[in-house]
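S.K.: Submitted below is the structure of interest, expressed as structure tokens.
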Amino acid sequence: MAALGSWALWSSCSRGWSRAVLGCRLPWLRSSSPRGPLGARLLSQEKEATETHFGFETVSEEEKGGKVYQVFESVAKKYDVMNDMMSLGIHRVWKDLLLWKMRPFPGTQLLDVAGGTGDIAFRFLNYVQAQHQRKQKKQLRAQQNLSWEEIARKYQNEEDSLGGSRVMVCDINKEMLKIGKQKAHAQGYKAGLTWILGDAEELPFDDDKFDVYTIAFGIRNVTHIDQALREAHRVLKPGGRFLCLEFSQVNNPLVSRLYDVYSFQVIPVLGEVIAGDWKSYQYLVESIRQFPSQEEFKEMIEDAGFQKVTYENLTSGIVAIHSGFKL
């Protein structure tokens with residue numbers, strides 16, 4: 001699911017729905033699935049029930065999925081407002097930096113996982129559209145003999161303003177996807193955008209489908225991070241790129257102390273005042289502290305099969321962008 005991105009806070013088909021009920025068979029969906037519905041997905045009977053963390057609380061792995069789902073179902077309507085209020089807009093800069101680091105090329109097929117409200121997808125569409133328009137203008141300037149009518153006709157006949165680029169937003173939470181679709185409609189995003197209900201640990205796509213996989217402020221909420229990373233590797237094409245924007249460990253002692261005070265004493269209060277939900281934002285700040293360090297997460301990405309894995313700290317390590325390639 002999309003995360004509550006802030007400084008310290010920072011549907012559509014799915015494997016969970018029966019595609020027979022939907023009456024559709026989309027070419028990029030996996031042809032078969034042995035797993036059960038998303039909404040009531042149970043761990044295999046052969047799999048021993050193990051414990052994990054939900055913030056600072058110890059819960060069963062099965063229980064965590066439901067608790068995280070409830071968190072984002074609860075905060076979905078106030079998600080974007082809270083992001084801006086708590087980050088003073090800094091989360092927008094972090095997401096812009098993710099796109100600048102990606103530098104998608106014409107025709108890029110992007111999978112944005114846990115991208116419910118569309119922040120990364122909209123930035124991607126803006127980027128590739130601007131890139132395609134610059135390319136088109138350059139081509140027209142090179143054709144000096146075209147008349148005004150011919151130039152106008154060329155623009156009017158342009159069917160694909162994105163140059164073949166597409167983005168699929170995949171999120172496990174229906175409410176987050178609902179908010180994302182409403183935003184897309186209000187802001188005029190339609191072409192090149194698809195919304196998919198799906199689980200990061202069991203992506204409903206065939207192998208080798210995407211050029212880029214992004215997940216922003218979402219992977220720390222996944223029960224089995226290693227499995228989500230393996231799925232990312234599976235669905236990327238050879239040469240494809242993995243990019244993750246996530247809260248990390250602060251590397252400046254002074255900033256770290258201020259950050260802790262803000263996180264534990266301010267954010268839950270703001271969550272209660274603005275969203276009427278103290279507990280969800282208390283979980284948020286606790287989940288950040290439970291997430292692996294930059295180096296530990298880098299090793300996990302490498303263990304999933306990615307190569308040339310690097311990371312870049314932003315804002316003294318409050319967040320980091322990890323990058324890896326499927327080679």
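The values are calculated or read from the model by the stated rules, or taken from the named source; none is laboratory data. Because the structure is a prediction, the values reported are computed rather than measured. No Cβ is skipped: glycine too gets one built from the backbone with ideal geometry, and neighbour counts run over all protein chains shown. We work out accessible area using only protein heavy atoms, side chains counted, and drop any ligands, DNA or RNA first. Shrake-Rupley method; radii C 1.70, N 1.55, O 1.52, S 1.80 Å.
S.K.: Between a residue in segment 101-123 that is β-branched (V, I, T) and any residue that is open to solvent by 20 Å² or more (accessible area, probe 1.4 Å), which pairs come within a Cβ distance under 7 Å, given they are 6 or more apart or on different chains?
M.R.: Within 7 Å, the pairs are T108/D211; T117/D80; T117/I179; T117/K183.
S.K.: Within segment 205-219, can one find any residue that is touching a helix residue (DSSP H, G or I) at 6+ places or on another chain (Cβ under 9 Å) and part of a helix (DSSP H, G or I)?
M.R.: yes
S.K.: Conditions: (1) open to solvent by 40 Å² or more (accessible area, probe 1.4 Å); (2) assigned to a strand (DSSP E or B); (3) within 28 Å of L88 (Cβ to Cβ). S316 meets all but one. Number of the miss?
M.R.: Checking S316 against (1) open to solvent by 40 Å² or more (accessible area, probe 1.4 Å); (2) assigned to a strand (DSSP E or B); (3) within 28 Å of L88 (Cβ to Cβ), the one that fails is (2).
S.K.: Okay, next question. Take G305 and decide whether it is of a type outside the set (A, V, I, L, M, F, W, C), modelled with pLDDT of 95 or more, in contact with a helix residue (DSSP H, G or I) (Cβ under 8 Å, 6 or more places away or on another chain) and part of a loop (DSSP other than H, G, I, E, B).
M.R.: For G305, the condition - of a type outside the set (A, V, I, L, M, F, W, C), modelled with pLDDT of 95 or more, in contact with a helix residue (DSSP H, G or I) (Cβ under 8 Å, 6 or more places away or on another chain) and part of a loop (DSSP other than H, G, I, E, B) - is met.
S.K.: Let me ask something else. Of the residues that make up segment 193-215, is at least one over 17 Å from the mean Cα position of the chain (by Cα), surrounded by fewer than 21 Cβ atoms within 10 Å (Cβ to Cβ) and hydroxyl-bearing (S, T, Y)?
M.R.: Taking every residue of segment 193-215 in turn, none turns out to be over 17 Å from the mean Cα position of the chain (by Cα), surrounded by fewer than 21 Cβ atoms within 10 Å (Cβ to Cβ) and hydroxyl-bearing (S, T, Y).
S.K.: Quick check on this structure: which one of V167, V128 is open to solvent by less than 10 Å² (accessible area, probe 1.4 Å) and at pLDDT below 95?
M.R.: Exactly one of V167, V128 is open to solvent by less than 10 Å² (accessible area, probe 1.4 Å) and at pLDDT below 95, namely V128.
S.K.: For segment 91-114, name all the residues that are assigned to a helix (DSSP H, G or I) and open to solvent by 60 Å² or more (accessible area, probe 1.4 Å).
M.R.: R92, V93, W100 - these are the residues of segment 91-114 that are assigned to a helix (DSSP H, G or I) and open to solvent by 60 Å² or more (accessible area, probe 1.4 Å).
Residues are listed down the side, and each one gets a yes or a no for (1) surrounded by fewer than 15 Cβ atoms within 10 Å (Cβ to Cβ); (2) within 23 Å of A121 (Cα to Cα):
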site	(1), (2)
H233	no, yes
F247	no, yes
V255	yes, no
V269	yes, no
W278	no, no
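S.K.: Just to be sure, is T117 at pLDDT 95 or above, among the hydroxyl-bearing types (S, T, Y) and buried (at least 21 other Cβ atoms within 10 Å of the Cβ)?
M.R.: Spelling it out, it is not the case that T117 is at pLDDT 95 or above, among the hydroxyl-bearing types (S, T, Y) and buried (at least 21 other Cβ atoms within 10 Å of the Cβ).
S.K.: Still on this structure: Find all pairs meeting these conditions: Cβ atoms under 6 angstrom apart; at least six residues apart or on different chains; first residue within segment 201-214 and within 18 Å of F325 (Cβ to Cβ); second residue of a type in the set (D, E, K, R) and in a loop (DSSP other than H, G, I, E, B).
M.R.: Partner pairs satisfying both residue conditions: none exist.
S.K.: Exactly one of these conditions fails for E295: (1) assigned to a helix (DSSP H, G or I); (2) at pLDDT below 95; (3) closer than 18 Å to S316 by Cβ. Give me its number.
M.R.: Only one criterion is unmet by E295, namely (2).
S.K.: Just give me the residues in segment 214-232 being at pLDDT below 95 and of a type in the set (G, A, S), in sequence order.
M.R.: Correct list: G218 only.
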